Structure formats: C-alpha cells, structure tokens
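A.B. asks: The following block contains the structure, expressed as structure tokens.
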Amino acid sequence: MITLKQSFIPFCLTLFASVARAQGIPDTEIFLVKLKAGKETFQAGTPTNITQRPGYDNQPSFTPDGKSILFTSQRDGQQTDIYQYTLAGKKTMQLTKTPEAEYSPLVTPDRKSFSVVRGKEQQLWRFPLSAGSSQPTLLLAMPQLIGYHVWYNQDSLFVAAFPDQPPMGMYLAVPGAKQTEKLEESIGRSLHKVPRKQAVSYLVPVSDSVAEIKQVQVKTGERESLIQALPGSQDYAWLPDGRLLMAQGAKVYVYRPGTNRRWKEVADFTKQGVKNITRLAVSPNGDYLSFVANP
C-alpha cells in the first residue's frame, strides 16, 4: 500500500522557465474538438481555436462539470495568469491577476477552488473558483520545486518535483503537511488519475528517445507498464472508458490498455493547419478534447 510515514498527519517548469527567459515564451494556441467515441469507434470533429491571439496559451484542464476550461496564459508580456473559457458562451475571463506567475490549473476535489503551481518557489497554491474572490492560500510547500500535480482525492495528490534541475521525481503528498513520500526517481510531466481504477498514471523515460506510460495502484503500490509512448511525445490523456489518447505531430492516436493492439490513428488535423499537438485534456463525459498546438 502506498502510504506516508506513520508520523505523517492525515521535461518541467524550471527548465521551461530558463528556456523562456532565453528564447521568449513560445506562441501556442488552445484548440477544442468535439468527440464521439463509441466502444470500437472514434470520431473527432473540426478543431476550433479558442484562444486566437499571439502569445502563450497552454495547460488546458476541464472543470468537473465539463462546461469550461481552465488554462495558463501570458498577456502583455507579463507573468502568466489563469483564465477560464466557457464552452457554451465561448467567453474567456481572467481568474488570477497577481505579481507571481501561475501555472498548471486544476479544479480541486471540493470543486470550490483550483490549485496552481505558483511563484519562483514553485509551490502549490489554492485559488477560489470565481474571479475576484478571497485571497489564495498555500497548499503545499516542498524542499523541491513542484512542476506538475494531479489530485487523487480530497486529502492527497501526486506531484512531479525536483531539487533544482531535472529529472523530476514523483511524490505522494498531503496538502498542509510537511512530509512527502518519493515514489519514482524520474518521470515526465503527464500525471493523471486513471478512470475506474484506484491508480495514477505517469510517463517514465526509458532512454533519450523512448518513454513508457505506467500506472501505480494506490492501495498496493504495484506498478504496471501500459504501453510505450509515441516517439517524441510526452503528453497523453484518458477517455472515461479507460482508453488512452496521445498525439504525434497533427495526428491523434488511441489505445486500450490490456489489449495486444498498439496505438491506432483516429484523427489527422493536418488540413486544419494544426501543428505539434501537446497538452491533451478530455472532458469528464468524453465529449470534448482540448489540446495545445502551434498556430
């Protein structure tokens, strides 16, 4: 069983930041695609650019009701803040406006707030899920710099963190506590809760050009390799039915763990001018896919 000590009370941001300072933050857009995924079929609609502006828009994540998307955006050459796009109204509003940079927004399990990696210290903070609400509160501070995170339940989360440079390790943590438990020495930036299972999945580099997607059972600590990642890709997402999505270039692929099949191409957005798809996110009902790509 994955537990913390008995005394415990119940590729990454620093690297990205250094590259951004040296080369300028990349120009990226967020797209939205309607999905129709049957048991053996998969249909994807035409991608819609929901940001459509010069600059950095990245790290989309759906709210639990599937009605909106939180994302990271840099505007007017300032630090990054968190924005919210509503699918029905097709409107965008700013949720944070602070001197510190915020990244990687995720709605917390109570659905009343969202967590972000924040500031030069790269700690985990909580913001109310409504613009102009009360001040943010600190959720988790570690000796390491937090790069990415995923909530397992309301009391625990998994984080990817590192002392001062890669590789990132994977840690089990509890908000507000002082100790964490290291579970993996080196992982990628994609951390996800596995649908229908008490497990969390993550990407593990095998070599400079090869990585694999693994999962860890939270109750037993058992690790399992699911499939080798597509070459050059480091982002994936889960469909609610337990299938994996991954992209390479302008193409999207699907795979069902536990089968002998490999990645199967299900969409090609080349004709729509989409390039270099990254940062995939699937809505809770599986009816929408959001991804980041170069304009």
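Just so you know, all these numbers are worked out from the coordinates, no wet-lab data involved. Quick caveat: nothing in here was measured; it's all calculated off a predicted structure. Here the Cβ positions follow ideal geometry from the backbone for every residue, glycine too, while neighbour counts run over all protein chains shown.
A.B. asks: At R0 = 25 Å, how high is the FRET efficiency between Gln78 and Arg111 if r is their beta carbon distance? Nearest 0.05 is fine.
C.D. replies: On the way: r = 29 Å, r/R0 = 1.16.
Taking R0 as 25 Å, the efficiency between Gln78 and Arg111 is 0.30.
A.B. asks: Something else now. Would you kindly state how much longer the chain becomes between Met93 and Asp65 on full extension, computed as 0.36 nm times their sequence separation minus their alpha carbon distance, in nm to one decimal? Walk me through the numbers before you get to the answer.
C.D. replies: Numbers: separation 28, 0.36 × 28 = 10.08 nm, distance 1.74 nm.
Here the segment from Met93 to Asp65 would lengthen by 8.3 nm.
A.B. asks: Does the chain come out rounded, prolate or oblate, given a ≥ b ≥ c as the square roots of the eigenvalues of its C-alpha gyration tensor, rounded meaning a/c under 1.5 and, failing that, prolate meaning a/b above b/c?
C.D. replies: Working: a/c = 1.41, a/b = 1.07, b/c = 1.32.
It comes out rounded by the Cα gyration axes.
A.B. asks: Rounded to the nearest 0.05, what FRET efficiency do Leu138 and Gln52 have when you use their Cβ-Cβ distance and R0 = 30 Å?
C.D. replies: Numbers: r = 34 Å, r/R0 = 1.15.
Efficiency, rounded to the nearest 0.05: 0.30.
A.B. asks: List the trypsin sites (Lys or Arg not before Pro) within the stretch 33-99 that DSSP assigns to loop and that have no more than 16 neighbouring Cβ atoms inside 10 Å. Write down the numbers at each step before the final one.
C.D. replies: Numbers: sites: Lys34, Lys36, Lys39, Lys67, Arg75, Lys90, Lys91, Lys97; in loops: Lys39, Lys67, Arg75, Lys90, Lys97.
Filter output for the stretch 33-99: Lys39, Lys67, Arg75, Lys90, Lys97.
A.B. asks: Assuming a strict under-20 Å limit between Cα atoms, what lysine pair count do you get for the stretch 188-279 once near-sequence pairs (fewer than 8 apart, same chain) are dropped?
C.D. replies: Close lysine pairs under the 20 Å cut-off: 9.
A.B. asks: Here's another thing I want to ask about it. Determine the shape class of the stretch 140-238: with a ≥ b ≥ c the square roots of the Cα gyration tensor eigenvalues, call it rounded for a/c under 1.5, and otherwise prolate if a/b is greater than b/c, oblate otherwise. Let's see the in-between values first.
C.D. replies: Details: a/c = 2.01, a/b = 1.24, b/c = 1.62.
Taking the square roots of the gyration eigenvalues as a ≥ b ≥ c, the stretch 140-238 is oblate.
A.B. asks: Moving on. Just in the stretch 86-195: which GluC sites (Glu not before Pro) are loop by DSSP and have at most 13 other Cβ atoms within 10 Å? Please report the intermediate quantities before stating the final value.
C.D. replies: On the way: sites: Glu100, Glu102, Glu121, Glu181, Glu184, Glu185; in loops: Glu100, Glu121.
Here the sparse-neighbourhood loop sites are Glu121.
A.B. asks: For a quick check of your reading of the filter: which GluC sites (Glu not before Pro) in the stretch 197-291 sit in a DSSP loop and have no more than 16 other Cβ atoms within 10 Å?
C.D. replies: Working: sites: Glu212, Glu222, Glu224, Glu265; in loops: Glu222.
Of the GluC sites (Glu not before Pro), the ones in loops of the stretch 197-291 whose Cβ has at most 16 other Cβ atoms within 10 Å are Glu222.
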